[in-house]
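Written below as structure tokens is the structure these notes are about.
The values are calculated or read from the model by the stated rules, or taken from the named source; none is laboratory data. These numbers come from a predicted model, not from an experiment. Reconstructed Cβ throughout: ideal geometry from the backbone, glycine too, with neighbour counts over all protein chains shown. Keep in mind that these areas ignore ligands, DNA and RNA; they rest on the heavy atoms of the full protein, side chains included. Shrake-Rupley method; radii C 1.70, N 1.55, O 1.52, S 1.80 Å.
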Amino acid sequence: QTPRLTMKTFSLVLICALAALGAAANTYFVPPSTIDPAPYAEWAHYHWVWLAHGGSGQADMLGLFRDYKAHNVRVGAIDIDSTWETGYNNFVFDTTKFPNATAMVEAAHAEGVRVILWITSMVDTDSPNYKEGYDNDYYIKAVDGKPGKMKWWHGTGSLVDYTNPAALAWWHKQMDVALSTGIDGWKCDGTDPYIMLLARPVAHTGPISPREYADQYYGDFFNYTRSKLGDDRLIMSRPVDAFGPIYHQFSPKYVMLSGWVGDEDDTYVGLQGTLKRYLQSAWDGYANFGSDIGGYRNPDPRTPDLFLRWAGVGTFSPLMENGGNGEHRPWLLDHTNFTLDAYRRFVNIHYALVPYFLSVGSEALANGTSALTPLAKHESFIDKLIADFRPSTYDYLLGDNVLVAPVTENATTTKVVFPKGQWAYWFNTSDVITGDGKARDFACPLDEFPAFHRVGAITPLNVTTPLLNYGDEHSDNALTALVVRPQPGQQRFAVRQAVDSAGQGAGIELAYTMQGCEFEFRATAHAQLDVLLLLHGVSRPAHITANKAHTVLSMHASTAALRAAGIGAHFDESDGRLFVRAGSNAKGTIIAINFCGTATD
């Protein structure tokens, strides 16, 4: 017989349970966050490089990222362009160009570089696998009931029919050959609109619309690859691009972890065309994308000024990727180190922003919005349709905290639309502009870019190398919580972490309150990730304490000394920067700062 639970026993159990919960809570200064992890891997926001048509093959692709690294430019992924296969598209490496694809992928991975392959769902009539697909009705059919054949930029071919289970199994069996090399994803190029050339395309299950086909094409590469190799895999595909004279949605929105907006000329007109696609993609709610820095096509020699202005856009885009026809390597674009040095700094800024990109991108995916918010309003149906529209501005917000103002001509002064509020220049945060929604002139040299912090906001950074006034190599063992000119009231930011990132944690929630000259910062507990608080534009503090014991923090003479101590502060009098570490964040972090009274030594 089951014993009865008396009121006395129940009360004792309840008291013990509450005591246990209380004890657990008391072990933390700030309990761990309960936010969801990021739904994709952070390498979606790394710096990617590629060569048009894969160069000459395996040696060129390995040499490409190694050359960047030799010039002290970080690379997180390479895209192996078309011509890697023995046929379009049969998933079989051409061993005359890629003698050992598995070894190539393993070598890249050993150096921290991911590998994606160019692909489409078009099978050319001269590809070794075409006849088998034709004989078994594995392709989308035309009105006459025969597999539809379409001319595209790599020949004449037919589109795989994803609604046919036998066709899908046949396609996956071939895909498995490439997946077995350990690749990290695909660059799915835009052949899906060619289905419109069939007028009335018919699939195994009946008539099929271009939208249905696109969803199947991109969705299958995304979902099947993840099912085989893990959720840290992704595809690179178009959000919105022009198909002929009109804009067209290519990918389904859920795959847009790291897209690109298509091919443009290496001219300022090409840069403007790219930014128009940025606006269209953002208006349509695509989360994360970038563009080919410097333009894909090169009707004219690529100039350093255009390249750097485009690189600035890439820096403050969710994906920073560089490649295409012609020369894209920054050390070969001029006879000095100017372009290389500027590009290296842009790449370092982009990497520092990865925690911000991942957090903003995850939220955008969850909400069906974009990481970018154009300042130009979409008010006209024609603007949404015609490729040659004229937006009022190309400026946009990256998340809520960063304002980006692309320079679209060869000039060192540009018009910037500053939204209401205060904005601090990325390259000199003492330069603060009060916005009123109107455009004003802003001077910006080629090795800088018009990007701005929202004053008072919290922006998470991962600083691992000397970077302007944001830290240096002594910051690399902690998440930097940046606040430019703290403002009265409260601010919060939820930092999302990818499930495959160091620590396996969901993330950290950062918050501060400021009343008068009293500032309090909190970070939720995380077993592997410590926090470095960085304030810009403040006075020397009178008093700093940490956590519930109110441990008084000492000042250190340098960031190196602060790093070595693991706890304390460093103040740079010249520009009002305050670095604070409270020690391990395993129990959470509380930092209290008083800016009134006698300054701390």
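Hey, rough spin-label estimate for D436 and N337, points 7 angstrom out along Cα→Cβ, what's it come to in nanometres?
4.4
Rolling a 1.4 angstrom probe over the protein chains, ignoring ligands and nucleic acids, what is the accessible area of V143 in square angstrom, nearest 10?
That residue has around 90 Å² of solvent-accessible surface.
Return the Rg/Rh ratio of the stretch 92-149 with Cα-based radii and a Kirkwood Rh.
Using only Cα positions, Rg/Rh for the stretch 92-149 is 1.18.
What dipole magnitude, in Debye to the nearest 20, does the stretch 533-601 give about its Cα centre under +1 on Lys/Arg Cβ and -1 on Asp/Glu Cβ?
Values: 6 positive and 4 negative charges, 67 e Å.
In total the dipole reaches around 320 debye.
How large is Rg over Rh for the stretch 461-601, taking Rg from the Cα atoms and Rh as the Kirkwood inverse mean of 1/r across Cα pairs?
Values: Rg = 14.1 Å, Rh = 15.1 Å.
Taking Rg over the Kirkwood Rh, I get 0.94.
For the stretch 457-498, what value does the Rg/Rh ratio take when both radii are computed over Cα atoms and Rh is the Kirkwood radius, given to two decimals?
That ratio equals 1.01.
Over the stretch 211-327, what percent of the accessible surface lies on carbon and sulfur atoms, probe 1.4 Å? Don't skip to the end; give the middle numbers.
Details: 1520 of 2980 Å².
Heavy-atom surface of the stretch 211-327 belonging to carbon and sulfur, 1.4 Å probe: 51 percent.
Take every Cα-Cα distance within the stretch 416-495, group them into 5 Å bins from 0 onward, and report for each bin the whole-number percent of pairs it holds.
Per 5 Å bin, starting at 0, the Cα pair percentages come out as 3, 14, 21, 22, 20, 12, 6, 2, 0.
Accessible area of the stretch 470-559 with a 1.4 Å probe: how many percent of it is carbon plus sulfur?
The nonpolar share, carbon plus sulfur, comes to 48 percent.
Give me the dipole magnitude in Debye, nearest 20, for the chain about the Cα centre, with unit charges on the beta carbon: positive for Lys and Arg, negative for Asp and Glu.
1680
Between D176 and D300, what length comes free when the chain is fully extended (0.36 nm per residue of separation minus the Cα-Cα distance, one decimal in nm)?
Values: separation 124, 0.36 × 124 = 44.64 nm, distance 4.03 nm.
Full-extension gain reported as 40.6 nm.
So if R0 is 56 Å, what FRET efficiency would E520 and H154 give, r being the distance between their Cβ atoms, rounded to the nearest 0.05?
0.40
Just how much of K587 is accessible, in Å², when a 1.4 Å probe is used and the result is rounded to the nearest 10?
Looks like 100 Å² after rounding.
Provide the per residue accessible area, probe 1.4 Å, for the chain, rounded to a whole number of square angstrom. Show your work: numbers first, answer last.
Numbers: 23700 Å² over 601 residues.
On a per-residue basis, the chain sits at 39 Å².
How would D472, D137, D266 rank on accessible area, largest to smallest, probe 1.4 Å?
Sorted by accessible area, descending: D137, D472, D266.
Heavy atoms only, probe 1.4 Å: what % of the accessible area of the stretch 382-453 goes to carbon and sulfur, would you let me know?
Values: 1450 of 3050 Å².
Looking at the stretch 382-453 in its full context, I get 48 percent from C and S.
Relative contact order for the chain using alpha-carbon pairs under 8 Å, separation at least 6, rounded to a whole percent?
Normalised by residue count, the contact order of the chain is 12 percent.
Limiting things to C-alpha atoms, what are the Rg and the maximum Cα-Cα separation (Dmax) for the stretch 136-262, in angstroms?
In Å, with Rg to one decimal and Dmax whole: 14.6, 42.
Test of understanding: what is the full-extension gain from R66 to E327, defined as 0.36 nm times their sequence separation minus their Cα-Cα distance?
Difference between extended and current length: 92.3 nm.
Keeping all protein chains in place and using 1.4 angstrom, which order do S258, S392 fall into by accessible surface area, from largest down? The partial results should precede the final answer.
Details: S258 0, S392 105 Å².
Ranked list, largest accessible area first: S392, S258.
Once the convex hull of the alpha carbons of the stretch 437-481 is built, what does its volume come to per residue, in cubic angstrom?
Value for the stretch 437-481: 94 Å³ per residue.
I'd like the accessible area for Y218, computed on protein heavy atoms only with a 1.4 Å probe and all protein chains in place. Round to 10 Å², please.
Estimated to the nearest 10 Å², Y218 gives 0 Å².
Can you give the FRET efficiency to the nearest 0.05 for T513 and E132, using r as the Cβ-Cβ distance and R₀ = 45 Å?
0.10
Can you name the helices of the chain, as whole DSSP H runs, whose Cα span along the helix axis is 27 Å or more and whose Kyte-Doolittle mean is not below 0.5?
On the way: long enough: 7-26 (28 Å, 1.63); 210-229 (28 Å, -1.40).
Helices meeting the span and hydropathy rule in the chain are 7-26.
Going by accessible area, probe 1.4 Å, with all protein chains left in place, what is the ranking of R226, R200, largest first?
On the way: R226 35, R200 170 Å².
If we order R226, R200 from most to least accessible, we get R200, R226.
Dipole of the stretch 27-119 (Lys/Arg Cβ +1, Asp/Glu Cβ -1, origin at the Cα centre): which of F91, A38, T27 lies farthest to the positive side?
T27
Please give, to one decimal in nm, the separation of the simple spin-label points placed at T27 and T96, each 7 Å out from Cα toward the Cβ.
6.4
Sort out for me the Cα centre separation of the stretch 539-572 from the stretch 31-77, rounded to whole Å.
Centre-to-centre (Cα) distance: 36 Å.
Provide the per-residue ³J(HN,Hα) series for the stretch 253-263, in order, calculated from phi with Karplus coefficients 6.51, -1.76, 1.60 and θ = phi - 60°, each as a whole number of Hz, with x at glycine and proline positions.
Karplus values, whole Hz, x for Gly and Pro: 5, 5, 8, 7, 8, 7, x, 9, 8, x, 9.
Between K420 and V552, how high is the FRET efficiency from 1/(1 + (r/R0)^6) when r is the Cβ-Cβ distance and R₀ = 51 Å? Nearest 0.05.
With a Förster radius of 51 Å, E is 0.80.
If each of Y254 and R390 carries a label point 7 Å out from its Cα toward its Cβ, how far apart are those two points in nm?
In this crude spin-label approximation the distance works out to 4.2 nm.
Could you work out the relative contact order of the stretch 474-601? I mean the mean sequence separation of Cα pairs under 8 Å and 6+ apart, divided by the number of residues, in percent.
Value for the stretch 474-601: 29 percent.
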